[in-house]
Amino acid sequence: MEPPRGIPAAQDPAHESTRTELTADNVNRELRELYLYLWPKLMDYLPDGQGYSNPLLICVREAYCRAPCRIVVVGQQTDTWFNEFHARSHPDPVGELMRIYDNFDLARPHPGRRNSPYWWASHHINRELNDDSKRCDFVWCDLVRIDQGRARLTQAVEAQVCALDLLRKELVLLAPDVVVLFTGPRYEARLYQTFPGLKLVRASERFEHSMLARAECPTLPRATFRTYHPGYLQRCPGGYDVIRAIAPLVRELGIKS
C-alpha cells in the first residue's frame, strides 16, 4: 500500500492565509487510508493478550467540518477503549473502530462520562466558540492512543506507537482552527517529541505558565493551548477559570467563531 499523501502547504494546520474547506466524506476517506497504512505496524508493536486497549481512531462529521471554529481537543491517553471489541479478529478493524468513535458521539449518549470534568470542559469550549443554536462538533483524540490495563504504556512501547506520528498526520487532515492540549506536565516530554520545534509560552498574565500556555509550533495552529487535564483542574482552586479563559484568548488572537 502506498503511504498516504504528505503535508501540502495549503493543509498545514498553521497555514493562516486560507481556511481549508472540508467535507466529512473526504476527511474520513483519508483518515481510513492513513489508519489502514499504519495498522500492520501498530499490531506488530502490540502483541495480543498483553492487556493493550484498542487504538482510538477518529471519525468526523459534517458538524465538525462546517463549524465556524473547528476545534480539536487532545487528552493524555485512552482509559480503555471498547475493549470488548476484539479488533484483531474483525474483517475490517479500522472501519469498525471509526464507527465506534462516531457512535460514542463525544460522550453525549453516556451521562456518566458526559458529566465528567474532561467532557464538561471540552463541550464548554466548543459552545463558547461556536453558535449554540446550531450543533457544531469538535474532534477529540489522545496524545497516546493506547493504554495497557488502564495504565500508561512502557516507555519502549509508547515510543514505538508514537513514532507512527498519528496525531500530527491527523491534524493535517482535520485542519483545525484551535487545538486544546489537556496533557499537563506528565506528558510534556511526549508532547515535545510529537511536535518538533514546539515552544510553550505564557498565554495570560492571569495564570502561571505551568497552568496555561500557548503552543508555538510550525505544525500547529496559532490558537493552540496546553493546560492540565480537567480532572486535575477541578481539584485546583480556580482551576475551571483556566477553561473559561481559553475562548477569550482565542478571540484575542483574531480567530473568527
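The values are calculated or read from the model by the stated rules, or taken from the named source; none is laboratory data. Everything numeric in this text was worked out from a predicted model, so none of it was measured. Note that each Cβ is placed from the backbone with ideal geometry, even for glycine, and that neighbours are counted across all protein chains shown.
Within the range 244-256, is even one residue outside any helix (DSSP H, G or I) and in contact with a helix residue (DSSP H, G or I) (Cβ under 6 Å, 6 or more places away or on another chain)? Taking every residue of the range 244-256 in turn, none turns out to be outside any helix (DSSP H, G or I) and in contact with a helix residue (DSSP H, G or I) (Cβ under 6 Å, 6 or more places away or on another chain). Of the listed requirements (1) within 16 Å of the chain's Cα centre (by Cα); (2) surrounded by fewer than 20 Cβ atoms within 10 Å (Cβ to Cβ); (3) over 16 Å from Leu143 (Cα atoms); (4) not β-branched (Val, Ile, Thr), Leu106 misses just one: (2). Every condition in (1) buried (at least 18 other Cβ atoms within 10 Å of the Cβ); (2) over 20 Å from Gly254 (Cβ atoms); (3) touching an Asp or Glu at 6+ places or on another chain (Cβ under 9 Å) is met by Ala223 except one, and the failing one is (2). The criterion of being surrounded by 16 or more Cβ atoms within 10 Å (Cβ to Cβ) and assigned to a loop (DSSP other than H, G, I, E, B) holds for Phe82.
For Thr224, the requirement of being in a strand (DSSP E or B) and among the hydroxyl-bearing types (Ser, Thr, Tyr) is met.
For (1) polar (S, T, N, Q); (2) touching an Asp or Glu at 6+ places or on another chain (Cβ under 7 Å); (3) touching a residue at least 12 places away in the same chain (Cβ under 8 Å), each residue gets a yes or a no:
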| site | (1), (2), (3) |
| --- | --- |
| Asp105 | no, no, no |
| Pro111 | no, no, no |
| Trp119 | no, no, yes |
| Arg150 | no, yes, yes |
| Thr154 | yes, no, no |
| Val161 | no, no, yes |
| Leu167 | no, no, yes |
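Of the residues contained in the range 176-185, none is found to be at pLDDT 95 or above, among the aromatic types (Phe, Trp, Tyr) and surrounded by fewer than 17 Cβ atoms within 10 Å (Cβ to Cβ). Hey, any hits in the range 236-253 for a residue that's closer than 29 Å to Tyr37 by Cβ, in contact (Cβ under 8 Å) with a residue 40 or more places away in the chain and not hydrophobic (A, V, I, L, M, F, W, C)? No, because not a single residue in the range 236-253 is closer than 29 Å to Tyr37 by Cβ, in contact (Cβ under 8 Å) with a residue 40 or more places away in the chain and not hydrophobic (A, V, I, L, M, F, W, C).
Inspect the range 160-167 for any residue being within 20 Å of Arg61 (Cβ to Cβ) and of a type in the set (Asp, Glu) and give the result as yes or no. Among the residues of the range 160-167, not one is within 20 Å of Arg61 (Cβ to Cβ) and of a type in the set (Asp, Glu), which makes the answer no. Under the condition of being under 26 Å from Pro68 (Cβ atoms) and not hydrophobic (A, V, I, L, M, F, W, C), the residues counted in the range 22-50 number 6.
Using the structure shown, decide if Val201 is part of a strand (DSSP E or B), among the β-branched types (Val, Ile, Thr) and under 20 Å from Pro230 (Cβ atoms).
So Val201 fails the test.
Based on this model, can you work out whether Asp92 counts as free of Cβ contacts under 8 Å to residues at least 12 places away in the same chain and either of a type in the set (Val, Ile, Thr) or under 19 Å from Lys134 (Cα atoms) (or both)? Break it down into steps so the answer makes sense when it comes.
On the way: free of Cβ contacts under 8 Å to residues at least 12 places away in the same chain: yes; either of a type in the set (Val, Ile, Thr) or under 19 Å from Lys134 (Cα atoms) (or both): no.
Here the answer is no, as Asp92 does not meet what is asked.
With respect to the numbered conditions (1) in contact with a Lys or Arg (Cβ under 9 Å, 6 or more places away or on another chain); (2) at pLDDT 95 or above, which one is the sole condition not fulfilled by Trp140? Failed condition: (1).
Looking at the range 85-99, is at least one residue in a loop (DSSP other than H, G, I, E, B), surrounded by fewer than 20 Cβ atoms within 10 Å (Cβ to Cβ) and within 16 Å of the chain's Cα centre (by Cα)?
Here is the first cut: in the range 85-99, the ones in a loop (DSSP other than H, G, I, E, B) are 85-86, 90-92.
Subsequent filtering for residues that are surrounded by fewer than 20 Cβ atoms within 10 Å (Cβ to Cβ) retains 85-86, 90-92.
From what is left, the residues that are within 16 Å of the chain's Cα centre (by Cα) are none.
No, the range 85-99 has no match at all.
Determine if the range 176-199 includes at least one residue that is among the hydrophobic types (A, V, I, L, M, F, W, C), touching a strand residue (DSSP E or B) at 6+ places or on another chain (Cβ under 8 Å), without any contact (Cβ under 8 Å) to a residue 40 or more places away in the chain and farther than 21 Å from Trp81 by Cβ. Yes: the range 176-199 contains one or more residues that are among the hydrophobic types (A, V, I, L, M, F, W, C), touching a strand residue (DSSP E or B) at 6+ places or on another chain (Cβ under 8 Å), without any contact (Cβ under 8 Å) to a residue 40 or more places away in the chain and farther than 21 Å from Trp81 by Cβ.
Answer with yes or no whether Pro218 is out of contact with any Pro (no Cβ under 8 Å at 6 or more places or on another chain), within 26 Å of Glu30 (Cα to Cα) and not in a helix (DSSP H, G or I). Show your work before the answer.
Numbers: out of contact with any Pro (no Cβ under 8 Å at 6 or more places or on another chain): yes; within 26 Å of Glu30 (Cα to Cα): yes; not in a helix (DSSP H, G or I): yes.
For Pro218, the condition - out of contact with any Pro (no Cβ under 8 Å at 6 or more places or on another chain), within 26 Å of Glu30 (Cα to Cα) and not in a helix (DSSP H, G or I) - is met.
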